[in-house]
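S.K.: Following this message is one structure expressed as structure tokens.
The values are calculated or read from the model by the stated rules, or taken from the named source; none is laboratory data. These numbers come from a predicted model, not from an experiment. Cβ placement follows ideal geometry from the backbone for every residue including glycine, while neighbour counts extend to all protein chains displayed. Side chains included, ligands, DNA and RNA excluded: accessible areas come from the protein's heavy atoms. Shrake-Rupley method; radii C 1.70, N 1.55, O 1.52, S 1.80 Å.
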Amino acid sequence: MTNLQPAFPDGFLWGAATSAHQTEGNNTNSNWWHLETAPNSPFQERSGAAVDSYHRYPEDMRLLAEAGLDAYRFSIEWARIEPAPGEFDQQELAHYRAMIDTAFGLGLTPVVTLHHFTTPMWFAQRGGWGSSDAAARFAAYVTEVSGITADVPWICTINEPNMIALLTGLPERASNAERERSSLDSRPIADFALPTPSDAVTRVLSDAHRRAVDILHATTDAKIGWTVSAQGFEAEPGAERALAEVKWAWEDRYLEVSRDDDFVGVQSYTTRKIGRDGPQAYSPAEQQTMTGWPFRPDAVGLSIRNAWDITGGTAILVTENGIATADDRDRIEYTTGALASIEAAVRDGIDVRGYLHWSALDNFEWGEWGPTFGLIAVNRETFERSPRPSLAWLGDQARASRTPTVRQLLESAETK
Ligand code: BGC
């Protein structure tokens, strides 16, 4: 029998996400800017002026609101707020406060991330997340930022701590791999066996998160959590033990940190097979999207179920989900499947509070501009924004989920 009840609960957030470094442009005080511009940079391309969202954010947000979305996730750039240790830039704080006000003014719920991969250059030079005072440094930044976030309803402290812990040391590993490559095999560098996330860095990040949660809880009623990169791991026959080990080291230990949080952000794009030797590289046939990842709309449903299981029932916000494709019809097909897998999880009783598509705009994909994830295309010469059909389509899904069903209208008429 068809289930006529809408799956998504009242207040479910429908929105899109970005991060500062990937969209704003000229993030010159950050570690990534430095890496991109270094003479022996490991990256193919630079962020440069990005898509100039530092100046054009009102237009970005207006396009989302006009399409029918009601939430926008963006990040505050630590490198701008604290360009030198202990020096906080009041103008930059005012800039981000203006972004929050603009979102509210357009009817968008701001979902604010405090740290999305980039750090101030000075922080990186002092050892980054590997240094003993890293958590205290982050806490000092969060204390300053808490002055502008009192009325923000959702705050993500740290984006993908598991990727941060994994990327620590990756540039060195990548250059070694480049050197050894011919003797190894012909897999692309992106698929060269990734290291396990660093244990020491994970502990520092968890400490930094806990400190941020305490600071913010004292100043706001916001829901506070961090966001975890979900891998959608699947065991090959006989690899169940390897799966359990890898899943814990890459993902579940970060979900465990969220057990006592207000929510956990789930960020899912695809799945990855685990063989007896660990994570498997994608075969050419599996590399179906512009990032070389398999087309797996069901991944987000699997990831939500895993997060619910491991956290023991912490509320979930899908803080990122999307696809890099040159064909917007693929984006709609992918997202249709993703929403169906979320809806099935909600019907099974899992508490999912919203869906934030990655990404609002095409943006700088950490070293390259090729993969296009945006609901909105951007001309990088003129910065002109061109909404793709998927933006209107996602807005329609949001509107439809807010519209009461015939059954609900009848029920409310009966109770009057
Ligand atoms: C990150 C984004 C990134 C996206 C697609 C996530 O890991 O948070 O910054 O652009 O995945 O690769």
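S.K.: Checking the condition open to solvent by 50 Å² or more (accessible area, probe 1.4 Å), closer than 22 Å to W366 by Cβ and modelled with pLDDT under 55, which residue from A177, A190 passes?
M.R.: Values: A177 fails: open to solvent by 50 Å² or more (accessible area, probe 1.4 Å).
Residue meeting the stated conditions: A190.
S.K.: Now for a separate question. Does A136 satisfy the condition of being in contact (Cβ under 8 Å) with a residue 40 or more places away in the chain and within 16 Å of the ligand (Cβ to nearest atom)?
M.R.: Against the criterion (in contact (Cβ under 8 Å) with a residue 40 or more places away in the chain and within 16 Å of the ligand (Cβ to nearest atom)), A136 does not qualify.
S.K.: Which residues, counting only those in region 77-103, are among the β-branched types (V, I, T) and farther than 17 Å from R137 by Cβ?
M.R.: Initial filter on region 77-103 (among the β-branched types (V, I, T)): 81, 100, 102.
I100, T102 - these are the residues of region 77-103 that are among the β-branched types (V, I, T) and farther than 17 Å from R137 by Cβ.
S.K.: What is the one condition in (1) over 21 Å from T335 (Cα atoms); (2) without any contact (Cβ under 8 Å) to a residue 60 or more places away in the chain; (3) open to solvent by less than 10 Å² (accessible area, probe 1.4 Å) that M61 does not satisfy?
M.R.: Going through the list (1) over 21 Å from T335 (Cα atoms); (2) without any contact (Cβ under 8 Å) to a residue 60 or more places away in the chain; (3) open to solvent by less than 10 Å² (accessible area, probe 1.4 Å), M61 breaks only (1).
S.K.: In region 213-243, how many residues are more than 16 Å from the ligand (Cβ to nearest atom) and open to solvent by less than 60 Å² (accessible area, probe 1.4 Å)? I'd like the intermediate steps shown before the answer.
M.R.: Going through region 213-243, the residues more than 16 Å from the ligand (Cβ to nearest atom) turn out to be 213-224, 234-243.
Right, trim to open to solvent by less than 60 Å² (accessible area, probe 1.4 Å) and you get 213, 215-216, 220, 222, 224, 234-235, 238-239, 242-243.
So the count comes out to 12.
S.K.: Which fully enclosed helices (runs of 4 or more DSSP H) of region 244-363 have 1 or more residues being within 16 Å of the ligand (Cβ to nearest atom) and open to solvent by 20 Å² or more (accessible area, probe 1.4 Å)? Step through it out loud before you land on a result.
M.R.: Values: elements: 253-257, 299-311, 328-347.
Those helices (runs of 4 or more DSSP H) span 328-347.
S.K.: Taking the criterion of being free of Cβ contacts under 8 Å to residues at least 60 places away in the same chain, under 26 Å from T314 (Cα atoms) and touching a Lys or Arg at 6+ places or on another chain (Cβ under 6 Å), would at least one residue in region 274-285 satisfy it? Break it down into steps so the answer makes sense when it comes.
M.R.: Let us first name the residues in region 274-285 that are free of Cβ contacts under 8 Å to residues at least 60 places away in the same chain, namely 274-277, 280, 283-285.
With the extra rule that they be under 26 Å from T314 (Cα atoms), the set shrinks to none.
For region 274-285, residues free of Cβ contacts under 8 Å to residues at least 60 places away in the same chain, under 26 Å from T314 (Cα atoms) and touching a Lys or Arg at 6+ places or on another chain (Cβ under 6 Å): absent.
S.K.: If you don't mind, there's one more thing I want to ask. Can you find, within region 222-243, the residue that is farthest from P161 (Cα to Cα) among those that are in contact (Cβ under 8 Å) with a residue 12 or more places away in the chain and part of a loop (DSSP other than H, G, I, E, B)?
M.R.: G238
S.K.: Shifting gears a bit: If we scan region 371-390, do we find a residue that is within 12 Å of the ligand (Cβ to nearest atom) and on the phi > 0 side of the Ramachandran plot? Before you say what the answer is, go through the steps one by one.
M.R.: Initially, region 371-390 is screened for residues within 12 Å of the ligand (Cβ to nearest atom), giving 371-374.
Within this subset, residues satisfying the condition of being on the phi > 0 side of the Ramachandran plot are none.
Looking for residues that are within 12 Å of the ligand (Cβ to nearest atom) and on the phi > 0 side of the Ramachandran plot, one finds none in region 371-390, hence no.
S.K.: Could you check how many residues of region 96-117 are in a helix (DSSP H, G or I) and either more than 23 Å from T227 (Cβ to Cβ) or in contact with a Leu (Cβ under 7 Å, 6 or more places away or on another chain) (or both)?
M.R.: So the first thing to find is which residues in region 96-117 are in a helix (DSSP H, G or I), and the list is 96-105.
Cutting the leftovers down to either more than 23 Å from T227 (Cβ to Cβ) or in contact with a Leu (Cβ under 7 Å, 6 or more places away or on another chain) (or both) gives us 98, 101, 105.
The number of residues fulfilling the criteria is 3.
S.K.: Would you be able to tell me the number of residues in region 364-383 that are part of a loop (DSSP other than H, G, I, E, B) and touching a Leu at 6+ places or on another chain (Cβ under 7 Å)?
M.R.: To start, the set of residues in region 364-383 that are part of a loop (DSSP other than H, G, I, E, B) comprises 364-375, 379-383.
From the residues that got through so far, the ones that are touching a Leu at 6+ places or on another chain (Cβ under 7 Å) too are 374-375.
Selection size over region 364-383: 2.
S.K.: Select from region 105-115 the residues that are open to solvent by 10 Å² or more (accessible area, probe 1.4 Å) and either within 16 Å of the ligand (Cβ to nearest atom) or in contact (Cβ under 8 Å) with a residue 24 or more places away in the chain (or both) and list them in ascending order. Steps first, answer last, please.
M.R.: Start the filter on region 105-115 by keeping residues that are open to solvent by 10 Å² or more (accessible area, probe 1.4 Å), which leaves 105-107, 109.
Answer for region 105-115, where residues must be open to solvent by 10 Å² or more (accessible area, probe 1.4 Å) and either within 16 Å of the ligand (Cβ to nearest atom) or in contact (Cβ under 8 Å) with a residue 24 or more places away in the chain (or both): L106, G107, T109.
S.K.: Between a first residue in region 117-131 that is among the polar types (S, T, N, Q) and a second residue that is more than 16 Å from the ligand (Cβ to nearest atom), which pairs have beta carbons less than 7 Å apart while being 6 or more apart in sequence or on different chains?
M.R.: From region 117-131, the pairs are T119/G128.
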